[in-house]
Amino acid sequence: MLIFIDESGDTGLKIKEGSSPNFVIALVIFEDNEEALACDQRIKLLKRELNLPESFEFHFHRNSRRVRESFLRAVLPYQFFYYGIVINKTKLFGEGFKNKESFYKYACGLLFENAKEKLENATVLIDESGRELFKYQLASYLRKKFNTPEGKKHIKKVKTQNSKGNNLLQLADMMAGAINRSLDGRKKDQDYFRKIIKSREIYVQIWPK
């Protein structure tokens, strides 16, 4: 089982000064490694179909509407599903949320708790960002929190990679971006992209209510 994690928005709390009102993390699950490989190859082929360089990174926020839609429709036939956590930052209080790393770890904890029933001996890949020490701490936190003393191993290992070189981390980014866009009432197409991939959605939690 392979899991890919990426986010949309930022962890800043200064909404009036430009921070995003929501912070979204998406968790994409492939139960079959061969299916993950096939999806990866399809994304690679899509770059050629769109006349994009091999090094091009699919990134919801930066890509055009045409590229977003082409990507989502291209991956739709593959057997993956996703969970999402939306942190509504306008309702947060407490000093702990002012620390970016604590904020991110807490959000990941909520997300993995929701997906726990689906996780079995999973290899987790997270877009690399932040300090090396934090990456180690996050990996340790997830393994300790979601692997039981009785030997039930929900998470086998946690690794970080640069999303620019990993098509399936880019898939997670596109899921997170589609969720985030669906919450933006200023956009005429706010629901459009999320509806395309709705059949792959298991559960998206908005916290706090």
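Okay, here's what the table says:
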| read-out | value |
| --- | --- |
| Charged-residue dipole, Cβ positions (Lys, Arg, Asp, Glu), the chain about Cα centre, Debye nearest 20 | 520 |
| 5 angstrom amide H check on E128, placed H, neighbours 5+ away | Q161, N162, S163 |
| In order through segment 4-11: 3J(HN,Hα) via Karplus (6.51 cos²θ - 1.76 cosθ + 1.60), integer Hz, x for Gly, Pro | 10, 10, 8, 10, 9, x, 9, 8 |
| Most mobile listed residue (K152, K164, K116) in the chain, GNM with C-alpha springs under 10 Å | K152 |
| Amide H contacts of V204 (H built 1.01 Å from N, under 5 Å, at least 5 apart or other chain) | G84 |
| Residue of G109, G94, G165 that the Gaussian network model of the chain assigns the largest fluctuation, springs spanning Cα pairs under 10 Å | G94 |
| Additional length obtainable on full extension of the chain from N51 to K153, 0.36 nm per residue less Cα span | 32.5 nm |
| Carbon + sulfur, % of accessible area of the chain - ligands and nucleic acids excluded, 1.4 Å | 48 |
| Distance (nanometres) between label positions extended 7 Å along Cα→Cβ at L76 and D189 | 1.4 |
| Expected 222 nm ellipticity per residue - DSSP helices of 4 or more, -39500 (n - 2.57), all of the chain, to 500 | -12000 deg cm²/dmol |
| Those residues of segment 98-122 whose amide nitrogen sits under 19 Å from the label point placed on D10, 7 Å along Cα→Cβ | 98-105, 107 |
| ³J(HN,Hα), Karplus 6.51/-1.76/1.60, whole Hz, each residue of segment 157-165, x for Gly, Pro | 8, 10, 10, 10, 9, 6, 4, 4, x |
| Of E150, E54, E120, the one that fluctuates the most in a GNM where the chain has Cα springs shorter than 10 Å | E150 |
| Segment 1-138 - convex hull of alpha carbons, volume per residue in Å³ | 138 |
| Per residue value of the accessible surface for segment 28-92 (all protein chains in place, 1.4 Å probe), Å² | 50 |
| Residues with amide H under 5 Å from that of V158, placed H, sequence gap 5 or more | V124 |
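The values are calculated or read from the model by the stated rules, or taken from the named source; none is laboratory data. As the structure is a computational prediction, the values presented were derived from the model and not from experiment. Every residue, glycine among them, receives a Cβ derived from its backbone with ideal geometry; neighbour counts consider all protein chains shown. Protein only, heavy atoms only, side chains kept; ligands, DNA and RNA dropped before computing areas. Shrake-Rupley method; radii C 1.70, N 1.55, O 1.52, S 1.80 Å.
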